[in-house]
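Trainee: One structure is given below, represented as structure tokens, and several questions about it will come after.
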Amino acid sequence: MVTLAPSHPLVSGVTSDSLLVQAYGGKRQSRLPIWLMRQAGRSLPEYRAIREGVAMLDSCLMPELAAEITLQPVRRHGVDAAIFFSDIVVPLKLAGVDVEIKPGVGPVMENPVRTRAALNALQELHADALEPIIRAVQLTVAELGNTPLIGFGGAPFTLASYLIEGGPSKELPTCRAMMVNDPGLFHDILAYCGRITSTFIRAQVEAGASALQLFDSWAGRLGLDDYLAYAAPHSHSVFSSLADLPVARVHFGVHTKNLLTSMHAAGATVMGVDFETKLSEANQMLGGKVPLQGNINPDFLHLSWDALADHALDVMRDGLAAPAHVVNLGHGVPPTTDPEVITRLVEFVHDFEVPDEVLAR
Ligand code: CP3
């Protein structure tokens, strides 16, 4: 295990007993922790105000701003974790790739990487480029106290899908063609993405994050065979390169029911479950041994409170099957969500008492 600095919240002990760190470590508590993917962002008026006139990726590289945005949902909703405000494409930008995030669209690249020459022209991500990230994490954890910060990055396949397609794409036609026509190039691009994602995540953990999450958002667009042949080896490399860090390794993607056990086998210690897979079923698939995170259907955030509360209760009861459970959504908070609904949901989850017979298991 790598030795983290004495001031790291897991070493000084300030976050070690938190509901989140305990649940990620597989220890059942009488209350369930909750945080929400995309909890920072456009659903919050204070986010829209502070981001006014600042481009998304610029805001990620302004440490005071990134720290403030990370803290906003923690202050407002009382969630049990902060997720670092950044984006999966930030390490690409820090390595010199010409990427921007278009509002309502997502990451877009001026020059997609589709040839060996384009890959060879990419730069590695150097430690000095990570200064704004390290600074933002330090500022954030100094304010968070005993609420843990989660660091994150994009899995090689999801990151490479943007780099190769040049933007968001449902069908991933260029990736699919490259997998057939030039698998060597495809693998080398994913290996590059894996190296920079790993460097990005390590910097966040060493600077103070108490857990890490690898998002393979688009892995669910691959069938199991292609996932195993083309994506999994690179996710495995990322997790292996981070395994010396004494933190939980969470892994998540949407539409990944048929990939769940393979994604876990890539080296995760906690599995995020999308809204299409029941937690009890996921638990069974994973042999009853893996702490789970998820999986309230984000669509319910727009329905009546009673419908949302019933659904959340179902999710919490179903999650009792797992060794431990961190409540989350089955994908990100939609920008149109009423933030008061989120605050009420967080209170509702905190009021849920885990039955004694579950604690006694
Ligand atoms: O609370 C958090 O989760 C904040 C941190 C965060 C962001 N992006 C900020 C962001 C995280 C964890 C991400 C991860 C991310 N980014 C993923 C993986 C998770 C997932 O959603 O599956 C992916 C695929 C991306 C790429 C990306 N960046 C997309 C698809 C978009 C949405 C584009 C849009 O406008 O609809 C972004 C932009 C983005 N990343 C925003 C935020 C807050 C919105 C930017 C804005 O405010 O305009």
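Trainee: Using a basic spin-label model with each label point 7 Å from the Cα along Cα→Cβ, how many nm lie between ARG317 and VAL358?
Mentor: If labels sit at ARG317 and VAL358, their model points lie 1.1 nm apart.
Trainee: Any idea of the accessible area per residue across the chain, 1.4 Å probe, to the nearest Å²?
Mentor: 40 Å²
Trainee: Let me ask another. How large is ³J(HN,Hα) for each residue in the range 322-339, as worked out from phi by the Karplus curve 6.51 cos²θ - 1.76 cosθ + 1.60 (θ = phi - 60°), to whole Hz, x for Gly and Pro?
Mentor: Result, ordered by residue: 7, x, 7, 9, 10, 6, 7, 8, x, 6, x, 5, x, x, 8, 5, 6, x Hz.
Trainee: Gain in length, GLU64 to GLU143, computed as 0.36 nm per residue apart minus the alpha-carbon separation, to one decimal in nm?
Mentor: 27.3 nm
Trainee: What accessible surface, in Å², does a 1.4 Å probe find on GLU52, ignoring ligands, DNA and RNA and rounding to the nearest 10?
Mentor: That residue has around 140 Å² of solvent-accessible surface.
Trainee: Here's something else I'd like to know. Taking 0.36 nm per residue of separation and subtracting the Cα-Cα distance, what length does fully extending VAL105 through MET1 add?
Mentor: Separation in residues times 0.36 nm, less the Cα-Cα distance, equals 33.4 nm.
Trainee: Which angle from 0 to 90°, rounded to the nearest 10, does the C-alpha axis of helix 232-242 make with the longest principal axis of the chain?
Mentor: The answer is roughly 70 degrees.
Trainee: By how many degrees, 0 to 90 and rounded to 10, does the Cα axis of helix 183-207 deviate from the longest principal axis of the chain?
Mentor: 50 degrees
Trainee: Moving to a separate point now. Given 0.36 nm per residue, what is the gain on full extension from LEU119 to VAL180 after removing their alpha carbon distance, in nm?
Mentor: 20.2 nm
Trainee: Kindly report, to the nearest 10 Å², the accessible surface of ILE88 as traced by a 1.4 Å probe over protein heavy atoms only.
Mentor: We get 30 Å² for ILE88.
Trainee: Next question. Please give, to one decimal in nm, the separation of the simple spin-label points placed at SER240 and SER304, each 7 Å out from Cα toward the Cβ.
Mentor: Distance between the two pseudo-spin positions: 5.4 nm.
Trainee: Angle check, please: helix 156-165 long axis (alpha carbons) against the longest principal axis of the chain (alpha carbons), in degrees 0 to 90, nearest 10.
Mentor: 50 degrees
Trainee: Using the Karplus equation 6.51 cos²θ - 1.76 cosθ + 1.60 (θ = phi - 60°), what ³J(HN,Hα) coupling, rounded to whole Hz, does each residue of the range 299-309 give in order, writing x for Gly and Pro?
Mentor: Running phi through 6.51 cos²θ - 1.76 cosθ + 1.60 with θ = phi - 60° gives 4, 5, 5, 9, 9, 5, 4, 4, 5, 5, 5 Hz.
Trainee: Pop out the carbon and sulfur fraction of the accessible area of the chain as a percent, whole number, probe 1.4 Å.
Mentor: Carbon-and-sulfur percentage of accessible area, whole number: 52.
Trainee: While we're here: Please list 3J(HN,Hα) in residue order for the range 222-231, calculated via the Karplus relation 6.51 cos²θ - 1.76 cosθ + 1.60 where θ = phi - 60°; whole Hz, with x for glycine and proline.
Mentor: 9, x, 4, 4, 5, 4, 5, 6, 10, 9
The values are calculated or read from the model by the stated rules, or taken from the named source; none is laboratory data. Computed from a predicted structure; not experimentally measured. Every residue, glycine among them, receives a Cβ derived from its backbone with ideal geometry; neighbour counts consider all protein chains shown. Protein only, heavy atoms only, side chains kept; ligands, DNA and RNA dropped before computing areas. Shrake-Rupley method; radii C 1.70, N 1.55, O 1.52, S 1.80 Å.
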